[in-house]
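This report concerns only the one structure given below.
The values are calculated or read from the model by the stated rules, or taken from the named source; none is laboratory data. Note that the structure is predicted; figures quoted are calculated from it, not measured. All Cβ positions, glycine included, derive from the backbone under ideal geometry; neighbour counts span all protein chains shown.
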2 protein chains.
Amino acid sequence: MRDRIVKALPFTAVTINDGFWAPRQKTNSEATIPHELAQCQKTGRIDNFAKAGGLMSGEFEGIFFNDSDVYKWVEAASYTLSTHPNPAWEAELDEVIAKIAASQQPDGYLNTYFTLVEPTKRWQNLGIMHELYCAGHLFEAAVAHYQATGKRNLLDVACRFADLIDSLFGPGKRDGLPGHEGIEIALVKLAGVTGEPRYTALAEYFVTRRGHSPSVFEKELENPDIPGGLDSYRHHFTRDGKFEGHYAQAHLPIQQQTECVGHAVRAMYLYSAAADIAAETGDTDILNALDILWKNVTEKRLYVTGGVGPSGHNEGFTNDYELPNFSAYAETCASIGLIFWAHRMFLLHGASRFVDVLETALYNGALSGISLDGTGFFYQNPLASYGDRFRHEWFGCACCPPNIARLLASIGQYIYAESDEGLWVNLYVGGTAEATVAQNVSVKLTQETDYPWAGDVALTIDPEVPVSFALNLRVPGWCEQFEARVNGRVYKPETNSDGYLSITREWHADDSVELRFDMPVARVYAHPLVRENVGRFALRRGPIVYCFEDVDNPDGVFQTLSLSGEVALETTFNDELLGGVTLIRGMGTVLDASEWDNNLYLPTKPKMRQLEVTAIPYYAWCNRGTSQMSVWVL
Amino acid sequence: MRDRIVKALPFTAVTINDGFWAPRQKTNSEATIPHELAQCQKTGRIDNFAKAGGLMSGEFEGIFFNDSDVYKWVEAASYTLSTHPNPAWEAELDEVIAKIAASQQPDGYLNTYFTLVEPTKRWQNLGIMHELYCAGHLFEAAVAHYQATGKRNLLDVACRFADLIDSLFGPGKRDGLPGHEGIEIALVKLAGVTGEPRYTALAEYFVTRRGHSPSVFEKELENPDIPGGLDSYRHHFTRDGKFEGHYAQAHLPIQQQTECVGHAVRAMYLYSAAADIAAETGDTDILNALDILWKNVTEKRLYVTGGVGPSGHNEGFTNDYELPNFSAYAETCASIGLIFWAHRMFLLHGASRFVDVLETALYNGALSGISLDGTGFFYQNPLASYGDRFRHEWFGCACCPPNIARLLASIGQYIYAESDEGLWVNLYVGGTAEATVAQNVSVKLTQETDYPWAGDVALTIDPEVPVSFALNLRVPGWCEQFEARVNGRVYKPETNSDGYLSITREWHADDSVELRFDMPVARVYAHPLVRENVGRFALRRGPIVYCFEDVDNPDGVFQTLSLSGEVALETTFNDELLGGVTLIRGMGTVLDASEWDNNLYLPTKPKMRQLEVTAIPYYAWCNRGTSQMSVWVL
């Protein structure tokens, strides 16, 4: 295996001041995070901690894993404090943290459902009841809060709980695994800020114990007095009443897995953790498995928007090339999980193709999960709609809203990476960053760009002293032609085998690099085995996938819309629409239903009529009321 | 309303000796009917009658409505005795009838489930437990047996039971309705052979009471001790626990119904019965409702194969233009029910467009339900398959196999019709018929044709004395051009407003009429709102809809097959394949998957490659093992 050569620049080292993400982070800070706190308060999610901590009386409210939503909100709010300092918010956050801390039991245990509802049944139904999953989100929140504020009030809570879990589970101790993964990446993060190797070892145990016989999940189900009861979670079971291994990626040891299966969010979190463990341990079997799983998802099971998991039945994966549009589940959380995994694959391999997938999911399948005003959410992200979808202000199972909030608040960490050899610029986002190259030289990077609406990027490289290193500029997979200049002089636009324009030279204060990525409208075709898209294509420009919505076009007309052949597609930027978007317009043809009268079948080819149509970025759909929508056209 | 001007020539007046249906009736007689008797015996269906009749000991076996399968088998075997006399079979049939008769209770009641399992709970769960539905199939069997053999042994049983039901239900008596329709058309048939007007009146009550408040079904569900129990049939209920009216067409009185809804077989049987009642009573509200329902199904909810009811969820109807191909339910019984309804609509209106639908269902969506060897069945008839479908020798719920058997055994009745004004030739099937025209003149008709493979038909008209009448020859809706000759002389090929070439003259012994219907291969397009077929067409030649199957073409190639543009389509008759079929061949193009390597999405239009493809009649698919299949191509 290749060593982990590359390290992400953390969100604390990056500022964003562009025209695309900076306004979104502002909305996230000013609208989404307050909205989500209000929802957590309104639904009893915060009170559950106060009740479990004896600060108020009352019963547990909501679903048994609701703690995790609060933790994700804490994580999002913490990142935001770093980019948008706000003393009032910091105090609000401390109040919530005080309630979380109060609910921690003397031995370190922390889960409001079990403390309030089934206190004698801890750790007896890990397969279904999400105790370890919730713990993982607590750990991630604590790490983010510590990184953003330097305070240890939540980190200490997390470490006490992690120590308890570590004292109970692992080799030579109790056998146990989370039904829903998540704690594994959290433990690696916790180890990262605390330096505690036991946390990494526990994460490794969780990753590598999974899928071995005897199944810890099946054993749990033998208990007739199992917490949560046996009847409510039948979708976790096979027909003969056993735990459904594929659903939770527990069908095989990670090293032997070759296909992305089961619940998509779980899968993404497991593969992300496995990448962390492979990076730590150098386990080549895990690394090889991850490469095979990556090929499986990107070559056969990925929506063009970066969505994964087509089926609502298991909230997850089905078969190769089975990517229906109208019924696409493509959970917001799953696209976010794909971003986590893709980022870690890049860090392992240093190759831009992983960032291509990250970028696609970020600008499309994940971003579509939140409305432009920051308070409307999609759980599912279909690629076509009959107009029966609308955005929700919250969900009973509210995993997605705080997940997209924490993603938006922390996207700084995906833009750059560093190593002894040089710097990587992975995403083109206006702002600044503080990196460190070999010999501990500090380098300030500045980016100016109108990306994703234009392919021009101006970079300033400002080392504290002249220093030699490779500046690795990602050439996006969607880009077929580009130009580069260094300090105004043309630089040969060559892409290396990792997909980067790598410029190695001695860099001086205020050196500049200019990039110009050609960004024409592309017609993207799916593999012929993707049944629903045969004869169809999607429009993509740069990283942005487009769609057609009723509100811009005659009712439902795009269901039969053809833009094939030599149809010219014009782009115009409209700064008043949908927060500022580049639109794509063209003269298309549609089947003329008028001549059909009352016929259902006719032996003559349907006539076509011409009309001008307008496409908008997919992420922006359903922001002007419910609407019919389609990504794929003829 | 228009009087019922037209009467079908019964199966007893028609013989079939052509190359298409005669071999199928032979297979039906020699393979299907013995096979189905064996299945009824093996699964305890016959024994249930013996047990209920005290002829043997033991418990009821199988599903509570299994009696109906035996009745449909008796009906099929009876028709067959008339076309294929066989003393051994007649004795076998009498044995089964003896067991049925033995199970009749002293008061006339007959249902082996209730007699053996819940004897004290008769008539308490008509919505779900199918007591009246089973009675209906008994009556239809009895009528067929009486017509075919002249024996009253089953007819008397049926009448005793019908008298009991009539004594219990109806105006001024108990309120009750069948959850699954069927008894209504059966009672009209029983009235037809017995002349008993009470049976028609009871049928009218069942047809017209349905859909009125208070709901008899909802009232039944108030009984906590309801037979069958409340939990097993939840799909009959709405979310708030009420009987699902639409599912059983009990949401509105028949006169107010405007859309075909719910379980498709039930719907077809109800509309058929309503047509019978409209013909008897002259109720114009019912007639108008039927016209509206007919428009709804034929203009918005009908597969090109004559299948109806796209959804497996309710075994029935969904929304306008919702006609998915892979998941099409299109139950064999529903196409058969559509044939029943279409036939009655023709008898009401005398218009050929009803026979067009009858013919389409007969040659395609119904016929596909049985294998060429007569012992393999489809319950569902999808229009595309990934190769995961196979034919079954029987089903737990075995409604379809004996239904297709009784259809095939009785298709003689759909070919001709008569009235005082003349004769109708609706289907082109070689054979003879004995009709009666005005002044009680007997006319022998003879047809010679290779239909459906060729459009040439030679008719001989042989009245016992010279007589004037209109010979109405159906010009099929699929036919755009035809020629006609009378006694060798060209006759003007004009179609009247009812869709017939009507030749009124004095007919003499051995007069001849020759018809030549042009039968080119047609590309049939679906309404633009049928989403799955946008950009696609189906091949049809004459009444036969075609499909592509793997066994004749490279694996799955037709999933992306294009035959559009000027592609020439050649037809050849192959008498060794699939029992003798006309094949359609052409040079198509398919997307070339080879160039895609491991890409899921590419920004270049997929290359096409040419290849010769072969289509077979849809009805003949899945007769050479499991196979991928598609009706609609690009």
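The sole residue among B:T115, B:T120 that is β-branched (V, I, T) and free of Cβ contacts under 8 Å to residues at least 24 places away in the same chain is B:T120. Restricting the range A:401-429 to residues that are among the aliphatic types (A, V, I, L, M) and part of a loop (DSSP other than H, G, I, E, B), the residue that is farthest from A:P34 (Cα to Cα) is A:L427.
Taking residues in the range A:467-479 that are within 14 Å of chain B (Cβ to nearest Cβ), and partners anywhere that are assigned to a strand (DSSP E or B) and modelled with pLDDT of 95 or more, the pairs with Cβ atoms closer than 9 Å and at least 6 places apart or on different chains are A:P476/A:F482; A:P476/A:F517; A:W478/A:F517; A:W478/A:A522; A:W478/A:V524; A:W478/A:R540; A:W478/A:R541; A:C479/A:F517.
Which residue out of A:T626, A:T560, A:T614, A:T582 is of a type in the set (V, I, T) and either free of Cβ contacts under 8 Å to residues at least 60 places away in the same chain or within 11 Å of chain B (Cβ to nearest Cβ) (or both)? Full working, then the answer.
On the way: A:T626 fails: either free of Cβ contacts under 8 Å to residues at least 60 places away in the same chain or within 11 Å of chain B (Cβ to nearest Cβ) (or both); A:T614 fails: either free of Cβ contacts under 8 Å to residues at least 60 places away in the same chain or within 11 Å of chain B (Cβ to nearest Cβ) (or both); A:T582 fails: either free of Cβ contacts under 8 Å to residues at least 60 places away in the same chain or within 11 Å of chain B (Cβ to nearest Cβ) (or both).
None of the other options fit; the residue is A:T560.
Residues in the range B:346-376 that are closer than 29 Å to B:S627 by Cβ, of a type outside the set (S, T, Y) and in contact with a Phe, Trp or Tyr (Cβ under 7 Å, 6 or more places away or on another chain): 6 in all.
Check whether at least one residue in the range A:308-322 is crowded, with 21+ Cβ neighbours inside 10 Å, within 30 Å of A:L471 (Cβ to Cβ) and modelled with pLDDT of 95 or more, and report yes or no. Taking every residue of the range A:308-322 in turn, none turns out to be crowded, with 21+ Cβ neighbours inside 10 Å, within 30 Å of A:L471 (Cβ to Cβ) and modelled with pLDDT of 95 or more. In this structure, does B:T572 turn out to be away from every other protein chain (no Cβ under 14 Å), in a strand (DSSP E or B) and either in contact with a strand residue (DSSP E or B) (Cβ under 8 Å, 6 or more places away or on another chain) or more than 22 Å from B:A330 (Cβ to Cβ) (or both)? In short, yes. The residue pairs whose first member lies in the range A:511-530 and is within 7 Å of chain B (Cβ to nearest Cβ), whose second member is surrounded by fewer than 18 Cβ atoms within 10 Å (Cβ to Cβ) and among the hydrophobic types (A, V, I, L, M, F, W, C), and whose beta carbons are closer than 6 Å, counting only pairs six or more residues apart or on different chains, are A:Y525/B:L602; A:P528/B:A593.
In the set B:E218, B:E196, B:E244, only one residue is in the same structural domain as B:Y113 (by TED's automatic domain parsing), modelled with pLDDT of 95 or more and over 30 Å from B:R540 (Cβ atoms); that residue is B:E196. Filtering the range A:531-556 to residues that are over 24 Å from the mean Cα position of the chain (by Cα), of a type in the set (K, R) and at the interface with chain B (Cβ under 8 Å from one of its Cβ atoms) leaves only A:R531. Reported count of residues in the range A:51-92, each being in contact with a Lys or Arg (Cβ under 8 Å, 6 or more places away or on another chain), farther than 25 Å from A:A186 by Cα and among the hydrophobic types (A, V, I, L, M, F, W, C), is 2.
Name the residue, out of A:A361, A:A366, A:A351, that is over 17 Å from A:K295 (Cα atoms), among the small types (G, A, S) and outside the structural domain of A:Y525 (by TED's automatic domain parsing). Unique residue meeting the criteria: A:A366.
Per the listing A:I63, A:I33, the residue uniquely in contact with a Gly (Cβ under 8 Å, 6 or more places away or on another chain), over 30 Å from A:E421 (Cβ atoms) and among the hydrophobic types (A, V, I, L, M, F, W, C) is A:I63.
Being touching a strand residue (DSSP E or B) at 6+ places or on another chain (Cβ under 8 Å) and either buried (at least 19 other Cβ atoms within 10 Å of the Cβ) or assigned to a helix (DSSP H, G or I) (or both) is the filter here, so list the residues in the range B:549-561 that pass it. Break it down stepwise before answering.
Residues of the range B:549-561 that are touching a strand residue (DSSP E or B) at 6+ places or on another chain (Cβ under 8 Å), as a first pass: B:549-550, B:552-561.
Listed by number, the residues that qualify are B:E549, B:D550, B:D552, B:N553, B:G556, B:V557, B:F558, B:Q559, B:T560, B:L561.
Does A:K173 count as without any contact (Cβ under 8 Å) to a residue 12 or more places away in the chain and either crowded, with 24+ Cβ neighbours inside 10 Å or in contact with a helix residue (DSSP H, G or I) (Cβ under 8 Å, 6 or more places away or on another chain) (or both)? Give the derivation first.
Working: without any contact (Cβ under 8 Å) to a residue 12 or more places away in the chain: yes; either crowded, with 24+ Cβ neighbours inside 10 Å or in contact with a helix residue (DSSP H, G or I) (Cβ under 8 Å, 6 or more places away or on another chain) (or both): yes.
It is true that A:K173 is without any contact (Cβ under 8 Å) to a residue 12 or more places away in the chain and either crowded, with 24+ Cβ neighbours inside 10 Å or in contact with a helix residue (DSSP H, G or I) (Cβ under 8 Å, 6 or more places away or on another chain) (or both).
Exactly one residue out of B:L577, B:L583 is assigned to a loop (DSSP other than H, G, I, E, B) and surrounded by fewer than 21 Cβ atoms within 10 Å (Cβ to Cβ): that is B:L577.
Condition test on A:T604, is it of a type in the set (V, I, T) and not in a strand (DSSP E or B)?
Details: of a type in the set (V, I, T): yes; not in a strand (DSSP E or B): yes.
Judged against the criteria, A:T604 is a match.
Restricting attention to the range B:533-548, the residues that are outside any strand (DSSP E or B) and over 14 Å from B:L302 (Cα atoms) total 5.
When B:D498, B:D518, B:D462, B:D510 are checked against the criterion of being more than 30 Å from A:W632 (Cβ to Cβ) and modelled with pLDDT under 95, a single residue qualifies: B:D510. Does A:D597 qualify as being of a type in the set (D, E) and within 14 Å of another protein chain (Cβ to nearest Cβ)? Yes: the conditions hold for A:D597.
Yes or no, residue by residue, for (1) hydrophobic (A, V, I, L, M, F, W, C); (2) assigned by TED's automatic domain parsing to the domain that holds A:L110; (3) within 26 Å of the chain's Cα centre (by Cα):
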position	(1), (2), (3)
A:R122	no, yes, no
A:M129	yes, yes, yes
A:Y133	no, yes, yes
A:H137	no, yes, yes
A:A148	yes, yes, yes
A:A158	yes, yes, yes
A:L168	yes, yes, no
A:G182	no, yes, yes
A:L190	yes, yes, yes
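When restricted to residues that are closer than 19 Å to B:R505 by Cα and of a type in the set (D, E, K, R), the range B:442-465 contains 3.
Of all residues in the range B:435-455, which are surrounded by 16 or more Cβ atoms within 10 Å (Cβ to Cβ) and either outside any loop (DSSP other than H, G, I, E, B) or in contact with a Ser or Thr (Cβ under 7 Å, 6 or more places away or on another chain) (or both)? Correct list: B:A435, B:T436, B:V437, B:V441, B:V443, B:L445, B:T446, B:Q447, B:E448, B:T449, B:W453. Looking only at the range A:182-190, decide whether some residue is surrounded by fewer than 19 Cβ atoms within 10 Å (Cβ to Cβ) and charged (D, E, K, R). No, that holds for no residue.
The set of residues in the range B:391-417 that are modelled with pLDDT of 95 or more and not hydrophobic (A, V, I, L, M, F, W, C) comprises B:R391, B:H392, B:E393, B:P401, B:P402, B:N403, B:R406, B:S410, B:G412, B:Q413, B:Y414, B:Y416.
Would you mind listing the helices (runs of 4 or more DSSP H) fully within the range B:27-126 where at least 1 residues are over 24 Å from B:I370 (Cα atoms), at pLDDT below 95 and of a type in the set (A, V, I, L, M)? Show your work before the answer.
On the way: elements: B:33-42, B:45-52, B:67-83, B:87-102, B:112-116.
Filter on the range B:27-126 gives B:87-102.
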